[in-house]
Structures are given as C-alpha cells and as structure tokens.
Amino acid sequence: MAETSTRRSPLAGHADRLAAATLRSAGALRIEEQPFRTHLDLRLDPSGPGAGAFAGVVGVALPVEPGTTAAGTGVEALWLGPDEWLLVGPPGTDGELAARVHAAVGDEPVSVVDVSAQHATLLLAGPRARDVLAHGCSIDLHPRVFGAGHCAQTMLARAPVVLVADGPDAIRVIVRSSFARYLADWLLDAATEHIAAGA
Amino acid sequence: MTRSTTQPFRLPAGGRIDRSRPLSFTFDGRELHGYHGDTLASALLANGVHHVATSVALGRPRGILSAGSAEPTAFVQVEAPVAEPMLPATVVELHEGLAARGLAGRGRLPAQPDDTRYDAVHAHCDVLVIGAGPAGLVAAAVAARSGARVVLVDEEPEPGGSLLGTTDVIDGRLGADWAAEVAADIEAAPDVRVLCRTTAFGYYDHNYVVAVERRTAHLGAAAPAHVARERIWRIRARRVVLATGAHERHLGFADNDRPGVLLAGSARTYLHRYGVLPGHRAVLTTTDDSAYTAAADLADAGVEVAAVADLRPGGPGPAARARAARRGIAVLPGHGVVAVTGEQRVAQVSLAPVAEGAITGPARDVRADLLLVSGGWSPVLHLYGQAGGRLRHDAAAAANLPDGCRQAVTVAGSAGGARSLAACLADGARAGRSAAEAAGFAAREQVPPTRGADQEAPPGADWLVPGVAPRHRSHFVDLHRDVTIDDVLGATAVGLRSIEHVKRYTTAGTGNDQAKTAATLVARVVADALGVDVASIGTTSYRAPYAPVAFAALAGRDRGALHDPVRVTALHDWHVEAGAEFENVGQWKRPRYYPRPGEDPTAAVSRECRAAREDVACMDVSTLGKIEVRGPDAGVLLDRLYTNMISTLKIGAIRYGVMCRPDGMVLDDGTVSRLAADRYLVTTTTGNAAAVGDWMEEWLQTEWPELRVYCTSVTEQWATVALVGPRSRAVLAGLAPGLAVAAADFPFMTWRETVVAGIPALVCRISFSGELAYEINVSAWQGLALWEAVQSAGGTRRITPYGTETMHVLRAEKGYPIVGQDTDGTVTPQDLGMGWVVSKKKTDFLGKRSFSRPDTARGDRKHLVGLLPEDPEVLLPEGGQVIAEARVPRPPVRALGHVTSSYRSAALGRTFALALIAGGRDRIGGRLHVPLDGSGGPVVPVTVTAPVLYDPEGARRDG
C-alpha cells in the first residue's frame, strides 16, 4: 500500500458543501464522496476457464446479464460490457484483489488495470436521491426498473458516469475524476429544490 | 343585476374565481382589478376592455378571440414582475402587481439577462395522457387504477379542460368539481404524476414527449427564487393517450377581426369559469349546433342575444333550435355576417341571407357589442402529426381526424372526433384501458354517467361569407399575421397549389399561434380556389413546439459554469493559487502561463521559456491521454495502428509513434512505453484521448476481433509532471535518491519505476522541448503532493512552472508538430518531414497502402517548414496565407500554404513560424510573403527554413 498521508481525493474540496446540503435537506437527501475506493477494470473472456474459476478464487461471480452487479465478500463486480467489468473493493485492496484475479485466471489473457484514482465515487441516498438524478439522467431510475443490483453506463448532466443502485433509496455515481467537481457542482445545483423541500 | 363597480362586466356570483382574493394589475398603464383565478384576458373583459392589441401589418385594433392557448390576437408584453415578451393574455394568470401592455404585432426581448431559475427533469411512464379534460381524466384514472405508471399533463392551472367552462354534470356533480375529485384520486395512486400548467409541445420518435411546466409565474413577485420558474419535462412513455380536445374555428367574413368578436365556446368559458359577461347584446354566427348552448347560457346570464345567423340552410338540429326558441332568440338559417362596424369594439352587425358565396337578399343591421362565432371544431392533432400520425378529412364531421400512426399512441375524446360529453368519457375509458393493457397491466373501463348526447344537425362546411364589398381585404384568415382571404387567393392565383407553399408565400400559419383557429379556413380557401375537394389539400406539417417556449426554459441549468463540464487535473487548485492564466483544451482547463505581477503574457512566456532552456522548469502534463494496451497480441495491434514498428521495443524503452488513418493522413501522435512483454502504455494528445481510444476499439471490434488485446483508458489514473531543463537531472536526483539518473544509467527514451518524493512513480525520460527532460507519473491522488515536492526541490533556486503557451514555443523551436494545429487531416508524416517514422519493413499498417498512391508522392504537396520574418519583430498571424508575390496580385490569388504556428522565441531572439507550404522543402532559403490584413494591408517578406530552428544537432537532449 502506497503512502496515504499525502493523498487527496478529487472531491476533498467539496466535502463541506456536500455535508451542508445533506444537513439542510433534513433527511431528504444524503450526498457524500466515498473516497479512495479500489476500482479495477477487468477484461476477460466470459466463456473462458478464468471466468469459471473466478467466483471461487476472487470471491465474486462475474455477472453476465447486462447492467447488473454481483456482490461478494469484500468485492463487487459491475457489468460494463460483454467482456468488461469494474471490480470494486474497499480502499487499499487493489494489489491484493489484482493478485486474486491473476490467481483465478492463470495464463489466460486478461487485463486488470487499476483505475481507482481515475474515478470519484459519490453516493446519493435518501427519498429524493432519484429525483435529483432525474434532472440530468435520461434513463429510467425507477426502483421497478433500476433497483438494487443494477448498474448503468450513461450520462449524468454532461458527464459520462456509471450509476449503481445500492438500494431503493441509494444510488452510487462513479465519474472520471476530472469531471468530479463539475458533477458535484451540478448535483448540488440539481438538489436545490429538494434540499429546500426537506427543510 | 348588481355588478362590481370596478369590474362592470363581472357577475356577482359563479365561476371558478375567488372573489375573496381581489387583485390589482395594470394594463397599458391603467390600474385595474380582477380576482384570483382570472386570466389577464378574463380580467380585461370583466373591466370591459376588448381592444387589447394592434395588428402587426395593418395596425388594426384587435381584441380577444378565444379563452385559451390558441389565441391569435390578444398578445401582450408582460413588464413586471418578470419581463416576458408576447404572451397571449388568455394564458397569463392574473396575480397581484402584474403589469402588461398590449402589443402592436411583435414583442421584444428584455435587454436584461433572465437570471430566474429554469430546470429540466426526465420522466418515464407506462401511460402518458396529454390533456386533463373529460376524456383524458377518465383515461388517466383507468390507467392509474391498473397499477401502471401514469403521467397526466394539462396546460391549464387545474384539471377539467372544457368542463371548466360549462355547466355539464357528470356523476351527479358539476363537471369541474368531478374533474377535481378524479384528478385528486389519480394523484393519490402510486407512481402517478399529475402536471398542471404543463404544455406538451414536442412529440418525437419512440414516444418521447417534451413538455414545459410553468411553475411559479402565476405567483408573481411571491415566486420563491429557488424554485424553477419553468421546468422542461422530457417524458418517455410506453403508450401515449392524446386527449387534446378541439379548437373552435373562426369564420371568414368581412371585418371578422373587430374587438368584440369572440368564439362562442370561449364566451361560454368566460361566463362559467370567470363569471364574466363579454358583452350586453350579442349576435351569434355559426355553422355548428354547439354554439347554441353558448348563446343560451349567455342569454340565461343576462346577455341579450339579438339573433343567430346560422350559415347552414337548414339551420340547427332540434335541441339547439329548442334552446333558442325557449329564450326567444331569433334563428336565421342560411344567413351570414356580411359587415361588422365599430372600430374599437363591435357596434353593429349586418346579417344577410347568403348562398354559394353570394348575398341573396337584403341585409339587416343589428346593434350589438359582442359577435359570437363558431366555425365548428378542429380536433387538436398537432402532437399527433408531430408523432408521425396521418390525418384524413372527414366530410361529415367537417374536420380532419386521426388516421393511424406508427407510434404507440391513441387519440381520445374530441381530439378523435367525439362530439358529446358522453362520447368523450366513453372514449377516454376505452383509450385508458387499451393503453394500460398494451403496457402490460390489467385495466377495467369505468365510464361515469352523464346526460345523453343531443340530436344535432351536421356541422356546416361553409367558410367564406361574402361581404358587402367585392373584395376580401378584411376577411382575415390569420389574424395574427394579418393574412386575408385575398392574400390566399393571390397565392393560388400565381400558381401555388401546395398548402405548404401557400403558407410560406402568405405567412398564414407562421405566427406565434400557428393559426390554430384558422388553418382549416386557409385549407378551404385554397381548395375552393383550386376547385378541388378540401380533403386533397391536407395540412401543413406539424412541428414542435406546439406553443412557444422560452429559450431560457430550454436552456435550463445548462448555462454559466454548468453549461459544459470543466475538466481539471489533480493539480488544478495549485495553478489557480499561483495565478495561472488558463487555456481551454477541449473541456480541460490547462495553465497557459503563470504571469508574475506586472508581467504581460509575452514577458511571462519568455521567462518560462528561458527557465526551461537554461535552468529547470516544470509543467502539469496530466491531461495527455493514456491507454494501457494489454494482451499477447498487444504488439501486433500497435504495429498495425502506428506507422512505425512498436513490437520490437524492449521492456523499459519508449518510442515515439505516429498513427495515420487509412488514407495516410496523420491522426495522432504520442509515445509508447513497453511496461512488460504483453503490456504497453500509449500516450495520445490531450484533445484526442477519447478519439484514439475509440479508434483502437473500433479496429479491434470490427476488423481484428481475433487479436487478444484489451485497451483501457488510464488518462486520469495518473498525474504527470514534466521536469524540463539542464538542471532537471539534479532536481530529480534529489527527489528520487533511489534512482540512478546518470545519462548512461537512465538513457533517453527509457522509463524507470522508482519512488519520487516518497511516492511510487513511473519516470519517463522523454522530451517535447529538446532539453533534458523527464515526465514523472504518480497516482492522481498523489499528484498534488508530487507537484508540491517538485516546487520545493529547487531549494533557493525556484523551479519555474510553465504552461501550454511556453510548451508550444519550446516544441515549435524544435520543429515538433502538434497534431490538429500543424496538421489538419490532409497531412502525411512525410509532409511533416517525418518519413523516418513510416516503417519500410512492416507488411501492413493503417495508411500504408495510401503512401503508394501517386497523390501522396506529389512533389508539390504541402510540407512543414519554418518561416523567419525578415523583420525579426514581426509576429505572423496563425492562419495567415503565404504567397510568392511581394504584393497581393489581382484575384484569384494563389496561396502556397498557411502559417500553422507562430511565436516569439527567447532562445532565437526573434519571431518565427511553422507553415505548411506547397513544395516547401524545395523552397528552403527562398523568400515568400505573408499578407497581414487582406489585400490592402502590409505584406511581410519571410525566409523559408527547415522546421528545426533550435539545436538542430540535438545536443541538449542529455543535459
């Protein structure tokens, strides 16, 4: 694990404003950065032996249904494409997780690339979370359609994002770190009425 | 009858206005009073104000023709509290302090920017119902009860549609009260949304409907600032029910534009909804039985209805005839209005028997201050047309009716031609059920009881009432655009046959109201003039928006800082603190230079250049695109994508490479580092990062799926700091004590994994300046820490941060091209003087075959060369044309090429430029010219040189 005392997350400067918005919403909305999560971009043949051995060795099965996620022990897999997943783990687990993947896959061609610092993760939770996202996301986020266990690569406002439904009232937004400030500003703006409604 | 002293035409009771909430407003500077629940139009009529506006072309006084959004004449400029141009008074909800003026034709945009909040929301539903009249409400109720996700939109402030302006009874209650109850029930269902004050204005493919909700304008100055004034709804529906009702039509008679001419159904609405009598003594002219109900209701409320001129020779059906007879209203079958007098307000109406376009008997003059008109009803099918729906003309209904649509849409109620309330309710229930069932829900029709339909006479198809004068100069068909029947006949007389051409020739239907009350009339005039059936005329194309929408609403929050994403690196805050001037590179903000107090841009760039050439300087180059290419066939892929050989690269080494398109033109350039046997790190230009990634995926997925390669963008995983200058080695040695930095240990074009300032790093020895230089890559989380460590590593000798402008100068002095600046998609590597980067050994790569085309071997292709202005102080303009002649000759002028880059060089002590010049390499040493300000300006003589102007031997590379 690299030196962590000097590291800085893309939205470190937004923490106060996100917390203030959460507070003002009086329970309507919780919005916060989840910094330093481990994100590995995985490319692998879904029909190969590595994919078969994956669940046993890595601790999570690779979902094959488009737009779905699978949760394992200390790791989660998000379907991004027919042969692409994002593996998500707690902060600092990138090396160990990558080693497990390589152990599962063996000599089979695979690409495991650390993209943790490339992403910022925002959690939107609370009864108004989906309403806030609906200001800038054209896909249907209704729990009937996009409930827990679903993820989607889409646009939120003008930023490409991965959305992950963590529950009926919680959606995670994964965004490229260079877009993170824009998106956080946009979310705070989009929350304007929803925050006031909860006050 | 007692009436309010300040509102002489207001009834003491009745209507949906709240008399306990009086409001004052000003119109044309005059203070007036109305009530909560009024529109501006109803309040003006309550005050006896009919002359509201002036027509655009002819300057004729115009009044209020309708009671809704189809209004063609009563346009006002709202001046306070929020300025808005050109709104129909019939849709402006009255509020305290409203100030408006009648318009003479066109409104004007306020000079001040509109800082009010506007926003947008995406919505999805199983069933979207447009229109909350009787049919729409029943449809929405049936669908909502089925469990479907339902959205119901309606343009009025409250649900009910036509019921708000009648005394119809449904299920034992007044229609308006029934509507309110049903809407409340609908809204209480889960996953249902009822949007009032919401106009669906665009219907696109895949049942994508866009609507605008007016949320706070009716609150006036009390509107909360944090609430969006208007909201754009982007609704995607599995099924759509259009219950958009019908518009009452105007008739073509002389002076049909006088203030006091009012559509009959609208007069009824003013009576029942607003408690307003639009006049004292009325005449009705009609082709439709429905208008008799309006006349009867007005008579019951105290209006003297002097006569009904029914254009149909047989007059009305029995129910309508009985209504008139009970009230002693004279009905004149086969009669029309042949003249209307009264400049500011209808004063007298002349009625005469008419048949087949001629007056057939003596006219009688009837004194009246109100002329009620009904030319029958046009189903509102604008959205249906936008959706791709076909219309057919139904002669019996004297209207266009829906005739099939490729989209999942159902038309219900009077929009589909239903004539009676009972029919609308039944139709709505049917539409609601079929929509819900088609969306996968089990639905049950429930039709609320109401009285049965009247026995009606068929609506008339007459359109033109002859006037006393032979011409039709005051028979208006488009009151908004001042287009008359004569104008339309003029169009057909010069040979126009298509209704679309007539529209464009006359402008009829091009106005704010899109001639909602007059389109059928125009079609009938054209049909008659051409001697064809009106069914063959069709309609003009329906296009969004159905009603005008403010640009501010469409812009929403996409303005100012939120207009477009600003992408920043991990070091951005430091750059801001340091006072950097920024440059936009795509969506990125990159420091352009860091001016010191009192420094102008030239001085700052010059200082930064000297630091890089003579000392040590650093730059944030994190924005360069980075792609990891992994897999057993990674080298094969890169050999095919780049013009030069990549797969021979040794682990630990770096190579510069150029990518071309199949046509042989340069696409991008960058470096490739071999990280492991099956692992490469590719860099791209900042602006092309995404495009190159897509390019790789496209070739892999469509042409070479057999290659075992995966490409992953890692642009933002890494923060990258360039350390440049003769002293950079010493600085790096101090920061990375574990790294052997000597030239022999760490040669040019190699990389090392090490620890820099305590941070794990990948250090590449590459140079975009010709100087000894390194690029240090660390995790983006640690980027700021690295940058700050570099800043303090210089000790007392500060390390100069530099920006993109300095980087451009440094690379141009070395003749390094920038893709997209010195190239434009028509430039080969050979044109750039980089034939060495094109492999002669590889069997194939993208672009190879094009290099054997005769065109890419032409001797007069444009080559990248240097230009030195003979006056070393003159800075050539980038984009400047290069000519052979010392004076600009007469056109056509042959330009030999153009200036692609131009700078002042501290190292050269003069200005210089790069240019693409025809046969440029054969002109080196020669003299050419660059005109500065077009043909009349000075012409600068320049000397053509090789593109590398600084350190052509490459002696500085190792420090």
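At-a-glance table
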read-out	value
Wholly enclosed strands (runs of 3 or more DSSP E) of segment B:857-925 bearing at least 1 residues free of Cβ contacts under 8 Å to residues at least 24 places away in the same chain	B:897-905
Residue pairs meeting the criteria (Cβ under 6 Å; at least 6 apart or on separate chains; first more than 11 Å from residue B:371 (Cα to Cα), in segment B:343-357; second of a type outside the set (Val, Ile, Thr) and buried (at least 22 other Cβ atoms within 10 Å of the Cβ))	B:351/B:309; B:351/B:335; B:353/B:335; B:354/B:336
Qualifying position, being under 26 Å from the mean Cα position of the chain (by Cα), away from chain A (no Cβ under 14 Å), in contact (Cβ under 8 Å) with a residue 40 or more places away in the chain and surrounded by fewer than 24 Cβ atoms within 10 Å (Cβ to Cβ), among B:225, B:217	B:217
Residue count, segment B:663-684 (criterion: away from chain A (no Cβ under 14 Å) and either modelled with pLDDT under 95 or more than 37 Å from the chain's Cα centre (by Cα) (or both))	6
Wholly within segment B:375-488, strands (runs of 3 or more DSSP E) carrying at least 1 residues that are out of contact with any helix residue (DSSP H, G or I) (no Cβ under 6 Å at 6 or more places or on another chain) and over 18 Å from residue B:521 (Cβ atoms)	B:391-394, B:409-411
Matching residues in segment A:38-73 - criterion: being of a type outside the set (A, V, I, L, M), assigned to a loop (DSSP other than H, G, I, E, B) and surrounded by 15 or more Cβ atoms within 10 Å (Cβ to Cβ)	A:45, A:46, A:48, A:59, A:63, A:67, A:72
Top-ranked residue of segment B:583-603 - restricted to ones that are within 14 Å of chain A (Cβ to nearest Cβ) and part of a strand (DSSP E or B), ranked as surrounded by the fewest Cβ atoms within 10 Å (Cβ to Cβ)	B:584
Residue list for segment B:616-634, filter: more than 13 Å from every other protein chain (Cβ to nearest Cβ) and of a type outside the set (A, V, I, L, M)	B:618
Test: residue in segment A:6-14 that is surrounded by fewer than 19 Cβ atoms within 10 Å (Cβ to Cβ), under 18 Å from the mean Cα position of the chain (by Cα), within 14 Å of another protein chain (Cβ to nearest Cβ) and touching a residue at least 12 places away in the same chain (Cβ under 8 Å)	yes
Any hit, segment A:84-95, residues being free of Cβ contacts under 8 Å to residues at least 40 places away in the same chain and either among the basic types (Lys, Arg) or out of contact with any Ser or Thr (no Cβ under 6 Å at 6 or more places or on another chain) (or both)	no
Residues located in segment A:152-199, provided they are of a type in the set (Val, Ile, Thr) and buried (at least 19 other Cβ atoms within 10 Å of the Cβ)	A:161, A:162, A:164, A:171, A:173, A:174, A:175, A:192, A:195
Wholly enclosed helices (runs of 4 or more DSSP H) of segment B:720-839 bearing at least 1 residues more than 46 Å from the chain's Cα centre (by Cα)	B:728-735, B:783-793
Number of the exception - residue B:900 against (1) under 42 Å from the mean Cα position of the chain (by Cα); (2) under 23 Å from residue B:823 (Cα atoms); (3) surrounded by fewer than 20 Cβ atoms within 10 Å (Cβ to Cβ)	(3)
Strands (runs of 3 or more DSSP E) wholly inside segment B:83-192 that include at least 1 residues being of a type in the set (D, E, K, R) and under 28 Å from the mean Cα position of the chain (by Cα)	B:84-88, B:118-130
Filtered residues of segment B:385-416 (kept if small (Gly, Ala, Ser) and closer than 16 Å to residue B:139 by Cβ)	B:408, B:412, B:413, B:414, B:415, B:416
Count of segment B:584-636 residues which are basic (Lys, Arg) and more than 41 Å from the chain's Cα centre (by Cα)	5
Candidate set: segment B:310-332, residues that are assigned to a strand (DSSP E or B) and over 47 Å from the mean Cα position of the chain (by Cα); chosen: the one farthest from residue B:455 (Cα to Cα)	B:332
Positions within segment B:333-369 being in a strand (DSSP E or B) and buried (at least 20 other Cβ atoms within 10 Å of the Cβ), in sequence order	B:335, B:336, B:337, B:338, B:340, B:349, B:350, B:351, B:352, B:354
Filter result for residue A:187 (more than 10 Å from chain B (Cβ to nearest Cβ), free of Cβ contacts under 8 Å to residues at least 40 places away in the same chain and touching a strand residue (DSSP E or B) at 6+ places or on another chain (Cβ under 7 Å))	no
All positions within segment A:114-124 that are within 10 Å of chain B (Cβ to nearest Cβ), buried (at least 22 other Cβ atoms within 10 Å of the Cβ) and either in a strand (DSSP E or B) or of a type in the set (S, T, N, Q) (or both)	A:116, A:118, A:119, A:120
Some residue of segment B:526-547 being surrounded by fewer than 18 Cβ atoms within 10 Å (Cβ to Cβ) and within 13 Å of chain A (Cβ to nearest Cβ)	no
Failed item, numbered, when residue B:739 is tested on (1) surrounded by fewer than 20 Cβ atoms within 10 Å (Cβ to Cβ); (2) within 14 Å of another protein chain (Cβ to nearest Cβ); (3) touching a residue at least 24 places away in the same chain (Cβ under 8 Å)	(2)
Residue count for segment B:231-273, restricted to those that are under 27 Å from the mean Cα position of the chain (by Cα) and away from every other protein chain (no Cβ under 14 Å)	6
Output for segment A:65-94, where each listed residue is over 14 Å from the mean Cα position of the chain (by Cα) and β-branched (Val, Ile, Thr)	A:73, A:93
Matching residues, segment B:370-398, being more than 30 Å from the chain's Cα centre (by Cα), among the small types (Gly, Ala, Ser) and surrounded by fewer than 23 Cβ atoms within 10 Å (Cβ to Cβ)	B:395, B:396, B:397
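Residues checked against (1) farther than 29 Å from residue B:714 by Cα; (2) in contact with a helix residue (DSSP H, G or I) (Cβ under 6 Å, 6 or more places away or on another chain):
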| site | (1), (2) |
| --- | --- |
| B:506 | yes, yes |
| B:516 | yes, no |
| B:543 | yes, no |
| B:548 | yes, no |
| B:585 | no, no |
| B:590 | no, yes |
| B:595 | yes, yes |
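Results for (1) within 13 Å of the chain's Cα centre (by Cα); (2) outside any loop (DSSP other than H, G, I, E, B); (3) within 21 Å of residue A:82 (Cα to Cα), shown as yes or no for each residue.
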residue	(1), (2), (3)
A:96	no, yes, no
A:101	no, yes, yes
A:132	no, yes, no
A:137	no, no, no
A:153	yes, yes, yes
A:161	yes, yes, yes
A:166	yes, yes, no
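The values are calculated or read from the model by the stated rules, or taken from the named source; none is laboratory data. Predicted, not measured: the structure shown is a model, and the values here were computed from it. When we count neighbours, we look across all protein chains shown, and the Cβ atoms used for this are built from the backbone with ideal geometry, even at glycine.
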